[in-house]
1. For the chain, what is one quarter of the convex hull surface built on the Cα atoms, given in nm²?
2. For helix 2-73, what angle does its Cα long axis make with the longest principal axis of the chain, in degrees from 0 to 90 and rounded to 10?
3. Report the net charge of residues surrounding Glu62, where surrounding means a beta-carbon distance below 14 angstrom and charges are Lys +1, Arg +1, Asp -1, Glu -1.
Amino acid sequence: MILAIEIFGILTMCTIIFVLIWGLIIIKQTLSQIKYKNYLLEKITQYMHMLIKKDINIIEQEEEIRDLKESSDS
């Protein structure tokens, strides 16, 4: 009976260790994917900010040109 309990205990420990190791591997891969996702989101945000800034500058230049034309016509 004691031998059966010892074998059951060893099998239980091996199973728990196996599950914990795989859990750590999965957590590591998940965190890596989250970091990569955050990196991509940051790059997209920077690119959108750059485009908006460029668009605002173009609009301001067009307004200045329009004002200059209006002042020269007067």
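1. For the chain, the mean projected area of the Cα convex hull comes to 5.5 nm².
2. For 2-73 against the chain, the angle is about 0 degrees.
3. Summing Lys/Arg as +1 and Asp/Glu as -1 gives -3.
A short reminder: the numbers here are calculations on the coordinates, not readings from a lab. Here the structure is a predicted model, which means the values were calculated and not measured. Please note: Cβ atoms are built from the backbone with ideal geometry, for glycine as well, and neighbour counts cover all protein chains shown.
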